[in-house]
Structures are given as C-alpha cells and as structure tokens.
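Any read-out appearing in this document is the output of simple, stated calculations on the displayed coordinates, not a laboratory observation. Note that the coordinates shown come from a computational prediction; the quantities given were computed from them, not determined experimentally. Counting neighbours? That spans all protein chains shown, and the Cβs are built from the backbone with ideal geometry, glycine included.
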Amino acid sequence: MTLLAIEGLQAYYGRAHILQGVTFSLRQGEVLALMGRNGAGKSTTMKAVMGLVPPAGGSVVFDGRPVQAREPFEIARLGLGYVPEDRRVFSELTVMENLSVGQRPPREGVPHWTPERLFQLFPNLGRMRDRPGGAMSGGEQQMLTIARTLMGNPRLVLLDEPSEGLAPVIVEEMANTIRALKGEGLSVLISEQNLHFAGSVADRATIIEKGVIRFTGTMAELQADEAVRVQYLSV
C-alpha cells in the first residue's frame, strides 16, 4: 500500500526554483532514502511535504489524503512525524519534559510510544531523564528529537540527514534505531548523502539533483549502478 505519494512537487525560495516536479512514492512499512548532494533539494522536499515550505504546485498525498494545502500542525496530527536536520530540542527542558511536548493520543494501527518504551529503544536517554536538552551531546540531542517525534505516534517519520555530523559509533546506533522502527511497522523517509549508511537501513532509494528526481530503485540496484553513483552522489 502506498502511504506517501508525491507528484509534480514544485517549490521556491523567493525567485529560486528549488523543486522542479519532484515525483516519488513510499510504501507502508518501508524505509526510503532520498539521496543527493548538498543543495540538491532533499531538505526542501521534506519541508514541502510537512507544509513548512508552501508547495507552489503538484500534490502530496499522505495516507490517502491530500495535504499540500494544509498547515504543518494539521499534517503532523494526521500522523506524519518530522525530525529536522538541526534537531531543535528545547535546551532548558529536561529529557522527560521534551518528550511530554511531543505527546499525542494513541493512533489506531501504529505503535503507541511511551517514555518507558522509548528508553528501551534509546537506553542513553533513560539514564538522563532529568538532564536539560542543552547539556546533551549532538548525538544525544538527535536521539531525543527522534524520541520526541515518536511520542506523537506517527505512521511515517521523516528524518533529515540523521547521520550528519555524528561520531561513527552514534551513526551505527542511528542505523539500529531506524531498523528497529521498521521492525515496529513504521515507515521512514530519510534524507541522506552517506551511501553506506543508506544502504544499511533503506529498502529503496530515490536520487534528487537540482530539484529533479534522477533515479528511483532498490538499494541493490543503486549499489550496482556505478554510473549513477558517480554522476549524482560522488563529491
């Protein structure tokens, strides 16, 4: 079943035409990697899906409902969770208080997340329940942001550059987390430049370059296609 369908998505920053007809879909229960170099349009795509960048054209259908004209809070309430690249934890609030900010009622057909369940997924957070967000490392803040998003009991989670700037051991923890979320039945869309990381968690990949989708296929197909990797992913 298709959970997220994006068709002909257009978006601008001022006069700059950033997304130029972006089209791809994500199925229920899969992890899809949206890949591309810096400035390719990955983060803008996620923000347009969430309504944070108003789409100038095209459609975004989530769980059978068009959402391209909705406000971000309305989209979130439908079950779409978003973890931004810059994390945005509440620095003066504790871990428990950050989690309470994201809490939403249980949602039919998806996992119901509680702090105790999240501490099983993120043991480090369980050991620092009363620590302010601003006193945590970058990796810990990333985990807290994901946990806070899960408190909304989403059907689909958008992770923007989840491995960027993290130590290798934390990157491996992040990969384990994404695989665990898939095991819970969640769907995940990750924005990612790191092919090794994407290959360790994603079922399929779609590559964006200058606001246009250039490739969509399985991770195995991408890893076997050196020409595509060199043209669109190499630095």
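In loop segments of region 106-204 as defined by DSSP, the GluC sites (Glu not before Pro) with at most 10 further C-beta atoms inside 10 Å of their C-beta are GLU108.
Placing +1 on each Lys and Arg Cβ and -1 on each Asp and Glu Cβ, with no other charges, gives the chain a dipole about its Cα centre of roughly 380 debye. Using just its DSSP H runs of length 4 or more, each adding -39500 (n - 2.57), the chain gives a mean residue ellipticity at 222 nm of -9500 deg cm²/dmol after division by all residues.
Simple spin-label model, 7 Å along Cα-to-Cβ: PHE90 to ARG107 in nm? Taking the two extended label points, one gets 2.0 nm. Treating r as the C-beta distance of GLU221 and ARG77 and R0 as 25 Å, the FRET efficiency rounds to 0.10.
Helix 168-183 versus the longest principal axis of the chain: what angle, 0 to 90°, nearest 10, using Cα atoms? Once rounded, the angle reads 90 degrees. How many angstrom separate the Cα center of region 190-235 from the Cα center of region 86-138? A separation of 31 Å, based on Cα centres. In terms of other Cβ atoms within 10 Å, ASP130, ASP63 run from fewest to most in the order ASP130, ASP63.
May I ask you to list the aspartates and glutamates whose Cα is less than 19 Å away from that of LYS42, ignoring any residue fewer than eight positions away on the same chain? Within the straight-line cut-off, LYS42 pairs with GLU7, GLU30, GLU85, ASP86, ASP160, GLU161, GLU164, GLU192, ASP203, GLU209. Once you sort the root eigenvalues of the Cα gyration tensor of the chain as a ≥ b ≥ c, which label holds: rounded (a/c under 1.5), prolate (a/b larger than b/c) or oblate (the other case)? Here the chain falls in the prolate category. Is region 102-193 best put as rounded, prolate or oblate by its Cα gyration tensor, with a ≥ b ≥ c the root eigenvalues, rounded for a/c under 1.5, and otherwise prolate when a/b is larger than b/c, oblate when not? Judged from the Cα gyration tensor, region 102-193 comes out oblate (a/c at least 1.5, b/c at or above a/b). Here region 1-26 and region 39-82 have alpha carbon centers that stand 9 Å from each other. Checking every one of the trypsin sites (Lys or Arg not before Pro) in region 92-186 against DSSP loop status and a limit of 16 other Cβ atoms within 10 Å picks out ARG107, ARG127, ARG129.
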